[in-house]
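The values are calculated or read from the model by the stated rules, or taken from the named source; none is laboratory data. Source: prediction; values computed, not measured. Here the Cβ is made from the backbone with ideal geometry for all residues, glycine too, and neighbour counts use every protein chain on show. Remember, those area values only see protein heavy atoms, side chains included, never the ligands or the DNA or RNA. Shrake-Rupley method; radii C 1.70, N 1.55, O 1.52, S 1.80 Å.
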Amino acid sequence: MLHLLWLIPAFPLASFVVLATLGKRMPRKMVPVFGAGSIGLSAVVTSLVGFSFLTSPPPGNSFTQVLWTWIDVGGFRPDIAFYLDALSLVMVLVVTFVGFLIHFYSAEYMGEDEGYSRFFAYMNLFVASMCTLLLGANLLLLFLGWEGVGVCSYLLIGFWYRKPENGLAARKAFIVTRVGDTAMTLGLFLLFDKLGTLNIQDLMHQALVQWPVGSTLPVVAGLLLLGGAVGKSAQLPLQTWLPDAMAGPTPTSALIHAATMVTAGVYLIARTHVLFSIAPQAQLAVAIVGAATLILAGFSAITQSDIKRVLAYSTVSQIGYMFLALGVGAWSAAIFHFMTHAFFKALLFLGAGVIIESLHHEQDIFKMGGLRKEMPVAFWTFLAGACSLAGLPLITAGFYSKGLIIWDTWSSTRGSSVLWVAAVLGVLLTSLYTFRLIFLVFFGEMKTKVHKRPGFAMMMPCVVLAVLSVVGGFVDTPEFLGNIHSFSDFMHLALPPITERPLRGMTEIGSEALVTLVFLIGLGVSYLLFIKRRDLAEAITAPAIAKALHRFWYTDWGMDWLYERVFVRPIVWIARVDKSDFIDYIYSGIALITELLYHGVRRTENGRMRWYAAGIAAGSIIFLTIVLFL
Amino acid sequence: MASVPMHQGLLLAGILFSLGLVGLLVRRNVIFMLMSLEIMLNAAGLAFVVAGARWGQADGQIVFLFILTMAAAEVSVGLALVLQIYRRFKTLDSDAVSEMRG
């Protein structure tokens, strides 16, 4: 079964080709058959491959499928080859299954749109690229997928291209991630130059043999790869593109900007974990980036008024948790949180899509309210996702994955109490903004009438994802709650377990109890402010300093403002100054001479026959003279 | 038969050709331009005949027959065009018919 691996990216790619070439001419009903069907086939193939991987594990718990040699030049010989191990299997399973549910949802959500086939073509190309990224056996193939998903992200953010601001958001996403990609490219050059290969497994082996722990080269390489990961995963300081990326269609936000693509950075670091474990400084940087991002984005999320922007900042914050986990060496906890996050965040975005569609494309949460009775299915599924996001104890997936990260942050040798405090503060913020969203949208009085109810194709994925957001966490529970380790054990086939330090003054149950307490505080405060005493919320934001702070957080800590002044304006200024440098004179001179010649020659074309005859005669005489006398 | 020296024949042909060319360039009436063209063609034909006589070859006279045929064809097309021009513009002035400029 394992040799079917190549089909996983091949199905969506084939469907992309069909939709891109024939999409306009095929009947409208056929479009989702290709679009969603290909992803369904991919999911089936992934399940078959996964089943065979589990029942009869290949030697070394990894399987490489070499398809053909991609490039062969001067000792540089990357293959088109796919590599399957526990890490890539889990990632591909989540991508294809969640991807299929989102495609299924899109069949109805995008049903009225004129770019129906174009949408599915882009989405399929995205899934193909994402699977290439995850399965690539060498960093170059991974980078191909990495850029592929970037292009699809750009195309889908700017999907409704008639609005100029959507195009602007698309370009911003592309350019900001490009900054990270440049760092990553430099990292690849460095790794190839020093270690002579780009095949990930050989690379890790070579790094371990050649580089001592803590030497400069692995730190530099690790930081450059971190740069790429930070750009793609919208972490500090390159997180500014993700909230604007919400300009795209909501299924896009669910698939690309919440569940899959933005976690590519997490995958990259987990995939090259050997490099980071011999570069402790780079790994510490990963943890610090994660911790800082999860706090800053949490504060920004509290102040947003657009439902999708709240979720976008929440995504940034949750990926911060994954980075924190990677930074303290809790590799499997990061992937666990990736999985549960993919379930509940995709669910939340799909739920937001249902709400937005039902309310005449209203996205402002202050104009919503009271939808609990009107749309019970949407409410309960959304609530399941939100509870999972905030980490409602005992019954939700988010509680287990986030609890594991927080506990590992405390207990790992690479963790520290400062990072742990940041992670716990993150829980408070998450709980605050999540329940603020729930209370404003579903409780209180109704402000906008529901005009359209979603059908089966839109609600089915929500229900499935809601179930997964609840039960998805039971594959890995703490010691005092069943002590199940099936997920961690499976991940440890590919990723090393954390190294625990001698514990002082804290137990796992204590940590979980504290997280629960903090969660309840957040829930209580938002209940007080957004249900019981709305006047209190207004009283808090009334003073000038509170208003300024609100504004500061609302604009994401003024990051856009800062970048506008530090980077964008100077570059625009230089471009304007440099517009007429002397090199341009050469090119504009050539253009000028050509134009003058044109004007001169144009005079001879006057329509007078006798002038033409004279021209012919003069020309003949001149040529004859030249031939005869010279 | 006393033969004409070649240089005299060629000189005559050259003079005729120049006259035709000058006529073509200075006359504005299309019919006169066609006539000048005929003179140039015949001058060229005369040069061929003179050259053929000089080397005792029949080729010069054969080419003259070709030129004659071509001139007949050219005149038939040319006169048809002249008729059309006159119908449309009510004039035979070639400079007035200069609409086909670039």
- Task: Can you grab the distance from the C-alpha centre of region A:388-451 to the C-alpha centre of region A:64-123, Å, no decimals?
- Result: 30 Å
- Expected vector for region A:565-571, Karplus 3J(HN,Hα) from phi with 6.51, -1.76, 1.60 and θ = phi - 60°, integer Hz, x for Gly and Pro, equals 7, 7, 10, 5, 5, x, 5
- Counting only heavy atoms of protein chains, what accessible area per residue, in Å², does region A:273-418 have with a probe of 1.4 Å? 21 Å²
- Message: Ignoring everything except DSSP H segments at least 4 long, calculate the 222 nm mean residue ellipticity for chain A; use -39,500 (n - 2.57) per segment, divide by total residues, nearest 500.
- Response: -23000 deg cm²/dmol
- So which lysines pass the test for A:LYS232, namely a Cα distance under 23 Å, with those fewer than 8 places away in the same chain ruled out? A:LYS172, A:LYS308, A:LYS345, A:LYS402
- Expressed as a percent, the accessible surface of region A:1-136 that is carbon or sulfur, using a 1.4 Å probe and the full set of protein chains, is 69 percent
- Any idea what the relative contact order of chain B is, in percent, if you count C-alpha pairs under 8 Å spaced at least 6 apart? 26 percent
- Task: Please work out the C-alpha center-to-center distance from region A:522-595 to region A:180-252 and express it in whole Å.
- Result: 27 Å
- Note on the structure: Across A:608-615, the residue-averaged tally of Cβ atoms belonging to other chains within 10 Å stands at 5
- Message: Under a Cβ-only charge scheme (Lys and Arg +1, Asp and Glu -1), can you give me the dipole magnitude of chain A about the Cα centre, in debye to the nearest 20?
- Response: 1580 debye
- Query: Reachable lysines from A:LYS547, Cα under 21 Å, same-chain residues fewer than 8 places away excluded?
  - Reply: A:LYS367
- Query: Expressed in nm to one decimal, what extension gain is obtained for the pair A:GLN210 and A:HIS3 from 0.36 nm per residue of sequence separation less their Cα-Cα distance?
  - Reply: 71.2 nm
- Inter-site label distance for A:LYS447 and A:HIS361 at 7 Å from Cα along Cβ, in nm: 2.0 nm
- Roughly speaking, to the nearest percent, how much of region A:581-629's 1.4 Å accessible area is carbon and sulfur? 75 percent
- Out of region A:531-616, which GluC sites (Glu not before Pro) are coil in DSSP terms and have no more than 16 other C-beta atoms within 10 Å? A:GLU605
- Message: Give me the summed buried accessible area for the B-A pair, 1.4 Å probe, to the nearest 100 Å².
- Response: 900 Å²
- Task: Please give the residues from region B:60-102 for which the solvent-accessible area of heavy atoms, probe 1.4 Å, is smaller by at least 10 Å² with all protein chains in place than with the chain isolated.
- Result: B:SER94, B:ASP95, B:SER98, B:MET100, B:ARG101, B:GLY102
- chain B, Cα convex hull volume normalised per residue, Å³: 117 Å³
- Query: Rounded to the nearest 10 Å², what accessible area does A:ILE571 show when all protein chains are kept and the probe is 1.4 Å?
  - Reply: 110 Å²
